[in-house]
Amino acid sequence: MTARIMPSLLSADFANLQAAIETIPGADALHVDVMDYHFVPNLTLGLPVVEAIRAVTPAMLDVHLMISDPDRWAPAYAEAGAESVTFHVEAAAAPVRLARELRHQGARAAMALKPATPIEPYADLLPELDMVLIMTVEPGFGGQRFLDLCLPKIERTRALLDRLGGDVWLQVDGGVSVETIERCAAAGVDSFVAGSSVFGAEDPDAMVTELRRLASAAAS
């Protein structure tokens, strides 16, 4: 497995996002956290900033919507050019319809689960998805400590995806670093969101390379 490293712009300098993006040319995607101060207790950025990011980079945009009404707002992010749009199943009123609409707009449809949300009730929804995101911290803020209690759920999700077949990515977000990424990879993760560990490094792009090396080795 070749791991995908998707640095989170939540940990970048919001006043110099383009400059921050240019420090990580080796990234597989840019993870963009959208928060509305309702679903999570934080307010970050929205559609105009995503459109501005799209205008300055050809990199894949992996938009993670931590918002209370994704059914209404998520399709607009696909229309704005995000290649992947993730909604929280806890917030979606009609997740199957939403996933199909995102795919119709040309984006990969992804579903996120908070740490305490089990995967099993959503097993039948997996064929509608292109990625499942298991949060390994409580969503809302960067720089949190990785929750090891999520590893069994990651393993169960991997098993469900393997039985399903196809190419549904398994992503983790929260506390991913050189200390934790190997455990995630060994549990079956192939896509990794890393924020403070990348943008807090002296050489962010070298950190992207190192995280990918560690994850790929742990999964082999």
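The values are calculated or read from the model by the stated rules, or taken from the named source; none is laboratory data. All figures in this text were calculated on a predicted structure; none of them were measured in a lab. Here the Cβ positions follow ideal geometry from the backbone for every residue, glycine too, while neighbour counts run over all protein chains shown.
Tell me which residues, restricted to segment 157-189, are of a type in the set (D, E, K, R) and over 21 Å from Ala217 (Cα atoms).
Answer for segment 157-189, where residues must be of a type in the set (D, E, K, R) and over 21 Å from Ala217 (Cα atoms): just Arg163.
Just a yes or no: is a residue in segment 171-184 outside any helix (DSSP H, G or I), under 15 Å from Asp62 (Cβ atoms), charged (D, E, K, R) and at pLDDT 95 or above?
The answer is no, given that none of the residues of segment 171-184 is outside any helix (DSSP H, G or I), under 15 Å from Asp62 (Cβ atoms), charged (D, E, K, R) and at pLDDT 95 or above.
Just one of the numbered conditions (1) of a type in the set (D, E, K, R); (2) surrounded by fewer than 21 Cβ atoms within 10 Å (Cβ to Cβ); (3) at pLDDT 95 or above is not true of Asp148; which one?
Just one mismatch for Asp148, condition (3).
Report, by residue number, each residue of segment 153-170 that is part of a loop (DSSP other than H, G, I, E, B) and crowded, with 20+ Cβ neighbours inside 10 Å. First the steps, then the outcome.
In the first step, residues of segment 153-170 are kept if they are part of a loop (DSSP other than H, G, I, E, B); the result is 165-168.
Within segment 153-170, just Val168 meets the criteria.
Quick one: is Arg108 within 25 Å of Thr157 (Cα to Cα), modelled with pLDDT of 95 or more and more than 17 Å from the chain's Cα centre (by Cα)?
no
Quick grid of which residues meet (1) under 19 Å from Asp173 (Cα atoms); (2) among the aromatic types (Phe, Trp, Tyr); (3) within 14 Å of the chain's Cα centre (by Cα):
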position: Glu51; (1), (2), (3): no, no, no
position: Val56; (1), (2), (3): no, no, no
position: Arg72; (1), (2), (3): no, no, no
position: Ala80; (1), (2), (3): no, no, no
position: Glu83; (1), (2), (3): yes, no, yes
position: His88; (1), (2), (3): yes, no, yes
position: Leu113; (1), (2), (3): yes, no, yes
position: Ile119; (1), (2), (3): yes, no, no
position: Val132; (1), (2), (3): yes, no, yes
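Pull up segment 167-208, narrow it to residues that are of a type in the set (D, E, K, R) and within 18 Å of the chain's Cα centre (by Cα), then point me to the one that is farthest from Ile5 (Cα to Cα).
Of the residues in segment 167-208, the ones of a type in the set (D, E, K, R) are 167, 173, 179, 182-183, 190, 202-203, 205.
Subsequent filtering for residues that are within 18 Å of the chain's Cα centre (by Cα) retains 167, 173, 182-183, 190.
Numbers: Asp167: 17, Asp173: 11, Glu182: 13, Arg183: 15, Asp190: 9 Å.
Residue satisfying both the conditions and the ranking: Asp167.
Checking the structure you have, find out if any residue of segment 117-135 is in a helix (DSSP H, G or I) and surrounded by 20 or more Cβ atoms within 10 Å (Cβ to Cβ).
Among the residues of segment 117-135, not one is in a helix (DSSP H, G or I) and surrounded by 20 or more Cβ atoms within 10 Å (Cβ to Cβ), which makes the answer no.
Only residues in segment 13-42 that are within 17 Å of Ser196 (Cα to Cα) count as the first member; pair them with residues that are among the acidic types (Asp, Glu) and modelled with pLDDT under 95, Cβ under 8 angstrom, at least 6 apart or cross-chain, and list the lot.
Correct list of pairs: Ala19/Asp13; Ala20/Asp13; His31/Asp173.
Check off (1) in contact with a Ser or Thr (Cβ under 7 Å, 6 or more places away or on another chain); (2) under 17 Å from Ser84 (Cβ atoms) for Val50 and give me the number that stays unchecked.
(1)
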